[in-house]
Every structure is written in structure tokens, then in C-alpha cells.
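Following: one structure in C-alpha cells, then a few remarks.
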Amino acid sequence: MDKHVLGLLDKEGREIAIGISVAGKMTFEVSHLQKGIYFIHVVVDGELTREQIIIE
């Protein structure tokens, strides 16, 4: 099974949540977060990918 480490960060770079994706599935609960811009960091085989998300 493929495992990926994920982090959810706010726009100041503070880590809000961290998790491990197994077989491509990962869910973050965001209902407690304020509206705004956040970033998801995904590390696969030591390589970091960063994606921006907007919670409205």
C-alpha cells in the first residue's frame, strides 16, 4: 500500500493537522476552521508537494 504524509497548514505556516494517507484516501475535518486560505503539504518518497485550498 502507498503511504503519504500530509499536513494541513494555515497561511502563517502553522501546522493545524497531520495525517497519513493510505491507498490515496485522507480526510481532514475543516468545519472548525475559519474561512480563509490554507495549504496542504504532501510528502511522497521524500518529495514535498504544496497545494493551496480555500475554505469558504
Of the residues in region 10-46 that are touching a Leu at 6+ places or on another chain (Cβ under 8 Å) and among the small types (Gly, Ala, Ser), the one that is nearest to Glu56 (Cα to Cα) is Ala17
Scanning region 4-37 for residues that are at pLDDT 90 or above and more than 13 Å from the chain's Cα centre (by Cα), the one surrounded by the most Cβ atoms within 10 Å (Cβ to Cβ) turns out to be Gly36
Original post:
Do we have His32 as touching a Ser or Thr at 6+ places or on another chain (Cβ under 9 Å) and free of Cβ contacts under 8 Å to residues at least 60 places away in the same chain here?
Top reply: no
Listed by first then second residue, the pairs whose first member lies in region 1-26 and is more than 15 Å from Glu51 (Cα to Cα), whose partner is modelled with pLDDT under 85 and of a type outside the set (A, V, I, L, M, F, W, C), with beta carbons under 6 Å and at least 6 positions apart or on separate chains, are Ile20/Lys3; Ser21/His4; Val22/Lys3
Met1 passes all but one of the listed conditions (1) in contact with a strand residue (DSSP E or B) (Cβ under 6 Å, 6 or more places away or on another chain); (2) modelled with pLDDT of 85 or more; (3) assigned to a loop (DSSP other than H, G, I, E, B); the exception is number (2)
Gln52 passes all but one of the listed conditions (1) of a type outside the set (D, E, K, R); (2) surrounded by fewer than 10 Cβ atoms within 10 Å (Cβ to Cβ); (3) free of Cβ contacts under 8 Å to residues at least 12 places away in the same chain; (4) part of a strand (DSSP E or B); the exception is number (3)
Residue hits (region 38-49; over 12 Å from the mean Cα position of the chain (by Cα) and either surrounded by 13 or more Cβ atoms within 10 Å (Cβ to Cβ) or small (Gly, Ala, Ser) (or both)) are Val44, Gly46
From the option list Ser21, Ser31, single residue qualifying as of a type in the set (Ser, Thr, Tyr) and not in a strand (DSSP E or B) is Ser31
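The values are calculated or read from the model by the stated rules, or taken from the named source; none is laboratory data. Nothing here was measured: the structure is a model prediction, and the numbers come from that model. In this analysis, Cβ positions are derived from the backbone assuming ideal geometry, glycine residues included, and neighbour counts consider all displayed protein chains.
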